[in-house]
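The values are calculated or read from the model by the stated rules, or taken from the named source; none is laboratory data. Everything numeric here is computed off the predicted structure, so don't read it as measured data. Here the Cβ is made from the backbone with ideal geometry for all residues, glycine too, and neighbour counts use every protein chain on show.
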Amino acid sequence: MAGRVIMPKLSDTMEEGVLVKWHKHEGDPVSSGDVVAEVETDKAVLELEAYTDGVLRKTLVEEGARVPVGTLLGVIAGESEAIDALLAEGAAVAVDVGRGERPFAPPQPPESLQTSVLAQVAHLTPPPASGPLPVTKASPLARKLAEQRGVDLRTVQGTGPGGRIVERDVEAAASRRSPAVTPTAGERREPLSLMRATIAKRMAESKTTVPHFYVTTEIDAGPLLAAKTGFATTGEPAIGVTELLVKAMGEALVAVPRVNASFTGDAVVFHAGSHVGVAVALEDGIITPVVRDADRKTVGRIAAELFDLKARARRKALKPEEYQGAGVSLSNLGMFRVDDFAAIISPPEAAVLAVGRIVQTAVIHDGRVEPGHRMRMTLSADHRVIDGVIAAKYLEEVAARLENPWQLLR
């Protein structure tokens, strides 16, 4: 029985992907479970497996093509099996191969209405003998890109199938539009990667649709530094402030479960596991691998898991379940000269904790000025789910554990 190879939706944020490589080529035999291709999502590079036996009869998308989720990439079938229907279906859903464009056929009004409208406007704008195609001849991706770049589609000549305006046409128009957006000598223009484009979209949506509020506290970080030094002598894997933070945040989710929740529009969903995401910087963006059940794991186990997760994150080798499902996330910039900052929430999470560096400063202790160490933490919270008192309680629970870090060894 013929089977389809499609661009899968591998995460909630994924809208398109890149076909990185075909492992099988037209005419190659394929068995169920064989790796057919590699695709790049906004987070990782993953393998596509075949779900049927047969021959890879047709590949419809070239390596390097960027295509929408659901696009037909290829067809697996018997050598003599009819595949015309599947190919026709693929042609109907996606096809400017190499650019990831999806043909768009706008609904047409009744012919009588078209005639009436044309008659009313004919005296206003004579039809041009040549020139740009109507805006309705643009693909959805081209429309989206044009809106982002401020390009008027009425000024763009399409080069896609049937003269349709596609992504490359908008890119070209944007580069010609004005000197302000054209790189000058010494400058360069870098198209957005899938990851960077997704981050841009998601963060803009978060800041405009999620009502953020922020609570900040400052803790005595002396015990943290002492604990970090103590761990170094116990033979545990590299344990630092991040690992202690993850453990403390996981336990605090159990103590204040209201933070471990998501807003769904008509309800608040409370999560069962105490899962903590940790933001990891990559060359072209950020990914947040998740330490699951952080409250029940030892700090040493958390350190080992994070070491593995970070290494594979930088190779874009994480599985979707390894970077989804956090109840709260950590963004730690303490390794840089950052005292404090406010991070943007990544829905469906309702909170993210931003942590700055540990600073040596003068503190007052029992009425005396003494040298000490302080660290500032800011919780960004979704006010649809979390109120100020709840956010404050969560910060208190995290701070109490960090100021007594040896209890995290339990």
Completion exercise
Note on residue 33: of the conditions (1) touching a residue at least 60 places away in the same chain (Cβ under 8 Å); (2) part of a loop (DSSP other than H, G, I, E, B), unmet is (1)
Completion exercise
Counted residues in segment 325-371 being among the charged types (D, E, K, R) and either assigned to a strand (DSSP E or B) or in contact with a Phe, Trp or Tyr (Cβ under 6 Å, 6 or more places away or on another chain) (or both) come to 3
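Just give me the residues in segment 38-54 being β-branched (Val, Ile, Thr), part of a strand (DSSP E or B) and buried (at least 18 other Cβ atoms within 10 Å of the Cβ), in sequence order. Don't jump to the end; show me each part of the working.
The initial filter retains those residues of segment 38-54 that are β-branched (Val, Ile, Thr), namely 39, 41, 45, 52.
After this cut, where a residue has to be part of a strand (DSSP E or B) as well, the list is 39, 45.
If the condition is that a residue be β-branched (Val, Ile, Thr), part of a strand (DSSP E or B) and buried (at least 18 other Cβ atoms within 10 Å of the Cβ), then 39 is the only one that fits.
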Exercise for the section: Output the number of residues of segment 303-321 satisfying the condition of being closer than 24 Å to residue 254 by Cα, in contact with a strand residue (DSSP E or B) (Cβ under 9 Å, 6 or more places away or on another chain) and either in contact (Cβ under 8 Å) with a residue 60 or more places away in the chain or surrounded by fewer than 19 Cβ atoms within 10 Å (Cβ to Cβ) (or both). Expected result: 2
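Out of segment 59-86, which residues are part of a strand (DSSP E or B) and closer than 23 Å to residue 15 by Cβ? Talk me through it step by step, then tell me what you get.
Keep residues of segment 59-86 that are part of a strand (DSSP E or B), which gives 59, 66-68, 72-77.
Across segment 59-86, the qualifying residues are 59, 66, 67, 68, 72, 73, 74.
Can you go through 61, 35 and tell me which one is in the same structural domain as residue 84 (by TED's automatic domain parsing), surrounded by fewer than 21 Cβ atoms within 10 Å (Cβ to Cβ) and out of contact with any Gly (no Cβ under 7 Å at 6 or more places or on another chain)?
Values: 61 fails: surrounded by fewer than 21 Cβ atoms within 10 Å (Cβ to Cβ).
Just a single option satisfies the conditions, and that option is 35.
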Fill in the blank from the handout: Scanning segment 159-204 for residues that are touching a helix residue (DSSP H, G or I) at 6+ places or on another chain (Cβ under 6 Å) and crowded, with 19+ Cβ neighbours inside 10 Å, the one modelled with the highest pLDDT turns out to be 165
Exercise for the section: State which residue pairs qualify: first residue in the same structural domain as residue 269 (by TED's automatic domain parsing) and farther than 26 Å from residue 374 by Cα and inside segment 340-357, second residue hydrophobic (A, V, I, L, M, F, W, C) and part of a loop (DSSP other than H, G, I, E, B) in any location, beta carbons under 8 Å apart, and separation of 6 or more residues or different chains. Expected result: 347/210; 349/326; 350/385; 350/386
Exercise for the section: Answer yes or no as to whether residue 372 is closer than 26 Å to residue 293 by Cβ, assigned by TED's automatic domain parsing to the domain that holds residue 255 and not acidic (Asp, Glu). Expected result: no
